[in-house]
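Written below as structure tokens is the structure these notes are about.
The numbers here are math on the coordinates, done by the rules we state, and not lab data. None of the values given here were measured: they were computed from a predicted structure. Ideal geometry is used to build each Cβ from the backbone, glycine not excepted, and the neighbour counts take in all protein chains shown.
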Amino acid sequence: MSFFRGNETVTIRRRVETGTDAYGNATYTTTETQVKHVFLGFQTVANAEPIDPMRNAVDGQIVLYFPRGTVVEDGDTFIVRNTEWEKDGKSMAWENPFNLPSGVVVPIRKRDG
């Protein structure tokens, strides 16, 4: 049990194969799992405006710090404060600076516009 908890609830959305159709093609659905006590790494917030004169876009990046035991897979997306974000790289273990249980860190990104 961690003595330091984030105060965000994040939903992990995952595409899951459910079977095959009449033609033998895979069929899919999505599942959603809510994870409580997530830290949002706002100290690492980055925003950029892609250089494209025909587009008005802004890229955003933050880091999620999930509690120990959270399963994150390639292809997962994350709902943070009612906005969907994509995983941006590998998830990995993070070490708590106070020698308490570690968790899972995940960089995420989104593009508006």
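In nm, what is the difference between 0.36 nm times the number of residues separating residue 81 and residue 31 and their Cα-Cα distance?
Details: separation 50, 0.36 × 50 = 18.00 nm, distance 1.80 nm.
Length gained, residue 81 through residue 31: 16.2 nm.
Using the beta-carbon distance between residue 98 and residue 71 and R0 = 22 Å, what value does 1/(1 + (r/R0)^6) give for FRET efficiency, to the nearest 0.05? Walk me through the intermediate numbers first.
Values: r = 24 Å, r/R0 = 1.09.
The formula returns an efficiency of 0.35 here.
Enumerate the amide H contacts of residue 102 below 5 Å, restricted to partners 5 or more residues apart or on another chain; note that Pro and chain-start residues carry no placed amide H.
96
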